[in-house]
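The values are calculated or read from the model by the stated rules, or taken from the named source; none is laboratory data. What you see is a predicted model, and the numbers here were worked out from it, not measured in a lab. We place every Cβ from the backbone using ideal geometry, glycine too, and count neighbours over all the protein chains shown.
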Amino acid sequence: MSIAAEAAPTDELLFSIDDAGIARITLNRPQARNALTFAMYEGLVDLYGRIESDRSVKAVILTGAGDKAFAAGTDIGQFRDFRTAEEALGYERFMDRVLGSLERLRVPTIAAVAGACTGGGMAIAAACDMRIASQDARFGIPIARTLGNCLSQSTLRRLSGLIGAPRVKDILFTARLVGADEARAIGFANEVVADAAAVQARASELATLLASHAPLTLQATKEGLRRLSEQAGDGPAASGDDLIVLCYTSEDFREGMDAFLSKRPPSFKGR
């Protein structure tokens, strides 16, 4: 399988798309446990935009360089000059844009996690659709014993949607790190595999499977569930009529029916 490497917005992000339409983004600061700078966050938003506009992309894998960490959150040095309410609110709104752009990608996203996945790293993993973890992966947001900041409502929504409010309170209040097996048991990790190499292999295998499925079905499922999540507690979810029309009037739906009746594999195009 050939892989075409493309220029990323910063050398602390690696980006490639292979011939199966699988994009891979690697957080590339292993010397800092892949802690993210503001430039890296901006670079991620730029990459998400490029992925969204490239119809050849069928799935995305996000991972961290090396085997010690997926991401250890935001580089603490980025906060040194924070003093005002505007700076605090600006940062969290900026993070909502970063994570929201990832959550809204039309294609499925997989977090391939080895080692530490903490702070903003856990928030990124939560915004992905699926999470593959190594046996030594550790998850947590220990801000109650470190920085003393808090999470935005959007990040709390994502976390509670995955593992429930009581478990979010447990993890945030105790500031503990959750091991891979517990992360799977509570619904945060979809799968746990042996080590970093196995994480990459399984993420690639899963992305290849997802890339073979009907893109509009995956897109409609993602968007429908996102709408339900955002509307929870605020009344009925937004109508999904547009998603129904998107799929049922598509060429792919006609292709799927014809392939089924003809007893052949379908060839989905995403249109």
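Quick notes
- Unique residue being under 21 Å from V113 (Cβ atoms) and touching a Cys at 6+ places or on another chain (Cβ under 9 Å) when the list is A32, A69: A69
- Whichever residue in the stretch 29-68 is within 25 Å of F268 (Cα to Cα) and among the polar types (S, T, N, Q) and, among such residues, is surrounded by the most Cβ atoms within 10 Å (Cβ to Cβ): S56
- The set of residues from the stretch 190-215 being within 28 Å of K269 (Cα to Cα), hydrophobic (A, V, I, L, M, F, W, C), under 18 Å from the mean Cα position of the chain (by Cα) and buried (at least 17 other Cβ atoms within 10 Å of the Cβ) comprises A203, L206, A207, L210, A211.
- Residues in the stretch 68-89 that are touching a Gly at 6+ places or on another chain (Cβ under 6 Å) and farther than 14 Å from T37 by Cα: K68, A69, F70.
- Candidates are the residues of the stretch 160-177 that are small (G, A, S) and not in a helix (DSSP H, G or I); the one that is farthest from A127 (Cα to Cα) is A175.
- Test result for A85, assigned by TED's automatic domain parsing to the domain that holds A125, closer than 22 Å to S204 by Cα and of a type in the set (G, A, S): no
- Scanning the stretch 220-245 for residues that are surrounded by 15 or more Cβ atoms within 10 Å (Cβ to Cβ) and of a type in the set (D, E), we see that the one that is modelled with the lowest pLDDT is E230.
- Out of T217, T208, T221, one residue alone is outside any loop (DSSP other than H, G, I, E, B), within 16 Å of A127 (Cα to Cα) and either among the β-branched types (V, I, T) or assigned by TED's automatic domain parsing to the domain that holds I22 (or both). It is T221.
- Taking the stretch 150-189 as the range and being buried (at least 17 other Cβ atoms within 10 Å of the Cβ), closer than 16 Å to M130 by Cα and touching a strand residue (DSSP E or B) at 6+ places or on another chain (Cβ under 7 Å) as the test, the residues that pass are A180, A183, R184, F188, A189.
- Taking the conditions (1) closer than 19 Å to M95 by Cβ; (2) assigned to a helix (DSSP H, G or I) in turn, P142 satisfies each one other than (2).
- Residue within the stretch 178-189 that is of a type outside the set (S, T, Y), within 30 Å of G66 (Cβ to Cβ), out of contact with any helix residue (DSSP H, G or I) (no Cβ under 8 Å at 6 or more places or on another chain) and not in a helix (DSSP H, G or I) present: yes
Table: residues versus (1) farther than 28 Å from I51 by Cβ; (2) in the same structural domain as V192 (by TED's automatic domain parsing); (3) in contact with an Asp or Glu (Cβ under 9 Å, 6 or more places away or on another chain).
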residue: A71; (1), (2), (3): no, yes, no
residue: G77; (1), (2), (3): yes, yes, no
residue: R104; (1), (2), (3): no, yes, yes
residue: A112; (1), (2), (3): no, yes, no
residue: G115; (1), (2), (3): no, yes, yes
residue: Q135; (1), (2), (3): yes, yes, yes
residue: A144; (1), (2), (3): yes, yes, no
residue: L151; (1), (2), (3): no, yes, yes
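- Only listed residue being touching a helix residue (DSSP H, G or I) at 6+ places or on another chain (Cβ under 7 Å), under 28 Å from T208 (Cα atoms) and at pLDDT 95 or above, chosen from A125, A116, A71: A71
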